[in-house]
Amino acid sequence: MNILKLEKSKLSGLLKSWNDDFEVMVPAVENGNLVFGNLGDYEPVLDFNGRPLLPPKEFMFPQIEKTFSFNAADNTKIGIETHLDNTKRVIWGIRPCDLKGIKTLDTIFLSKYVDAYYEARRNNTILMGLNCNEPCNYGFCSSCQSGPFANGDFDILFTDLGSDYLVNIGTKQGEKAVSKSLKLFKTATDADQKKASDIEAASRKAFKNLPAMATAQQRLPQYWDDVLWKQESVNCILCGGCNFVCPTCHCFNIEDVACDKQISTRMRYWDSCQLGGFTQMAAENTRPLQEERLRQRIFHKIVYTPDLYDGALGCTGCGRCIEVCPVEIDITHIIGRIKVK
């Protein structure tokens, strides 16, 4: 399928055309924040700067979910019911940093040990990206090779040309979705593609804060015992916000909840390496100090994840962790302190 073009005025109709077959998620405003919400419940925000406060990872890896229930009513055996979510879903307006985040989660959840719950949601979700015409506040995606324009990792990708969108089809799943409303589109011209390239070049030049991520990857292991972890963590209040808004953080806890005397449900919910009890065991806490927990967060993103998953960086440069931190802990500042020793 050729690269297409869609008039902006037709985007709303395109999204609504998928409503019969999919749950359509779009950027929307809730309590003053830009979030992803169901098109059936929210007025979509189709022309916006920046990115939603929470990444769309929650649609593949929910904040809290039932994994399975076990029933002990029969004394001879325990009945187990697995709770897989096979809802067919379209997500429009995913920024490149979040597309890269989902790609990293794919590598983690769908590699050697396949997570069936993540797999079910992921297989039924169509990712529709939206390139960034300008850097967002706090963003440094260019340092992480995740933006401002996407390079793969999408089913359909939109680029804002002004009165139109340039539309790239990335997968057969995306092609199938577009084919149902093909009459809404036109074939893009060389001039349209040239305009998109010019917008990308201008967006890349507009970044003001680009930490040396590649250099930090190489040098960070030398900083294991450095005083910077104590200095940078001294104001941390252990809220976990940096983890909860991150596109790639995937730590979780599991709890069995008794529904009645016979039936219990196993729940999974997000957890944070920045919380004091994260590594608490019966005998000890292996990271009792906040400086150790901050070090774990940075090493996990920049060293451990790439080492374990074929170079997949655990940071996409979205800048959310900087934005939400109430005490202004800044990962770009920490990276900037990683010098030659």
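Bear in mind these aren't lab numbers, they're just calculated from the coordinates by the rules spelled out. These figures come from a predicted structure and were not determined experimentally. Note that we place each Cβ from the backbone using ideal geometry, even for glycine, and neighbour counts take in every protein chain shown.
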**Study point:** Charge dipole (debye, nearest 20) of the stretch 4-336; +1 at Cβ of Lys and Arg, -1 at Cβ of Asp and Glu
**Key:** 640
Review point. Expressed as a rounded percentage, what relative contact order does the chain have, with Cα pairs under 8 Å and six or more residues apart?
Key: 21
Exercise for review: Mind checking the stretch 50-91 for chymotrypsin sites (Phe, Trp or Tyr not before Pro) that DSSP puts in a loop (not H, G, I, E or B) and that have at most 13 other Cβ atoms within 10 Å?
Suggested key: none
Point to revise | Calculated over the stretch 193-273: convex hull of Cα atoms, volume per residue (Å³) | key: 224
Study note, to complete from the structure: Read-out semi-axes √(5λ) of the Cα gyration tensor in Å, candidates (1) 35, 30, 16; (2) 38, 25, 19; (3) 29, 23, 21; calculated match is (1)
Review point. Once phi is turned into ³J(HN,Hα) by the Karplus curve 6.51 cos²θ - 1.76 cosθ + 1.60 with θ = phi - 60°, what whole-Hz value does each residue of the stretch 16-32 show in order, with x for glycine and proline?
Key: 5, 5, 8, 4, 6, 10, 9, 7, 9, 9, 9, x, 8, 9, 9, 6, x
